[in-house]
Amino acid sequence: MKELIGITGASGEVGRRVAERLAGRGVRQRLIVRDPSHAPDLPGSYVTRLTDYGDAASVRAAVEGVGTLLLVSAKEHIDRLSQHLTAVDAAVDAGVERIVYTSFLGAAPDAIFTLARQHYATEERIKSKGVAFTFLRDSLYLDFIPRIAGADGAIRGPGGSGRFAPIARDDVADTAVEVLTSNGGHDGHCYDMTGPETLSFQEAADELSRVSGREVVYVDETLDEAWASRRPIGAPDWEIEGWITSYLAIAQGELDVVSDTVPRLTGHPAQSLPEFLGAHPESYAHL
């Protein structure tokens, strides 16, 4: 297999973390970004511009010579699934031999969370291409938990008393690095990626209250209330539906999973919410 590793989204939160860790190990890599001026300056790497995943010619040019590709899922977009499928086809056409894809926990054709259905379809396309693959099925990012609390000190959503085990992006990056540098040791595997313990939105609010010193509350919305509270933002319906169904998936238990992937693959425990907040007070500064 060709040794060069390609990192898509290398200027983003996950891709950058992976690229920095690989550089620390002296790994040759290609940083694939939309804006080269935002790419990290790392030893042993060079930067290639990619217009977007939906541009097959651009994808083929960006990954030419890459053996293993970290395919970081695209930002939410009405055509995201089409973009993913185009990117997968183009990467394989260009000679990529292994794809490590950042998917989502519980990806399935009938998942409540609408975006998890897109992840499932992307996984299936990768499988159909006959290349080596590993899927990292991330739970919600732990880094997002402080952000879902508004400046008014409320977490709002139809999550009921459902539980979930969010994962830190640092832990995702650490795990991805182990997979990317394993020489195929994780080929064919689909890994659930979670934090060390489950929590409810009420428990998340309680923890934010403790660290911030102000009361943070959880407002368990009805479905109608959830739509009404988000419509003023001006986001399109497909995007609002994605946000709301992520809460509904938690309410129905679809994300009530704790895996040992992070400690098993990286050798260190996954971060908990108290640990993350303790290390990142800036994350709840808006409170």
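The values are calculated or read from the model by the stated rules, or taken from the named source; none is laboratory data. Computed from a predicted structure; not experimentally measured. Positions of Cβ are generated from backbone atoms using ideal geometry, with glycine treated the same way; all protein chains shown enter the neighbour counts.
Tabulated values for the structure
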| read-out | value |
| --- | --- |
| Among the candidates VAL14, VAL47, VAL18, residue that is surrounded by 17 or more Cβ atoms within 10 Å (Cβ to Cβ), touching a helix residue (DSSP H, G or I) at 6+ places or on another chain (Cβ under 6 Å), without any contact (Cβ under 8 Å) to a residue 60 or more places away in the chain and of a type in the set (Val, Ile, Thr) | VAL47 |
| Residue in the range 238-246 that is out of contact with any strand residue (DSSP E or B) (no Cβ under 7 Å at 6 or more places or on another chain), of a type in the set (Asp, Glu) and under 24 Å from PHE276 (Cα atoms) present | no |
| Test: residue in the range 148-162 that is in a strand (DSSP E or B), at pLDDT 95 or above and charged (D, E, K, R) | yes |
| Residues of the range 53-77 satisfying the condition of being among the acidic types (Asp, Glu) and either touching a strand residue (DSSP E or B) at 6+ places or on another chain (Cβ under 7 Å) or more than 29 Å from ASP237 (Cα to Cα) (or both) | GLU64 |
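Yes/no per residue for (1) surrounded by fewer than 24 Cβ atoms within 10 Å (Cβ to Cβ); (2) assigned to a loop (DSSP other than H, G, I, E, B); (3) modelled with pLDDT under 95; (4) touching a helix residue (DSSP H, G or I) at 6+ places or on another chain (Cβ under 7 Å):
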| site | (1), (2), (3), (4) |
| --- | --- |
| ALA74 | yes, yes, yes, yes |
| ILE78 | yes, yes, yes, yes |
| GLN83 | yes, no, no, no |
| ALA87 | no, no, no, yes |
| ALA91 | no, no, no, yes |
| VAL96 | no, yes, no, yes |
| PRO109 | yes, yes, no, yes |
| LEU115 | yes, no, no, yes |
| GLN118 | no, no, no, yes |
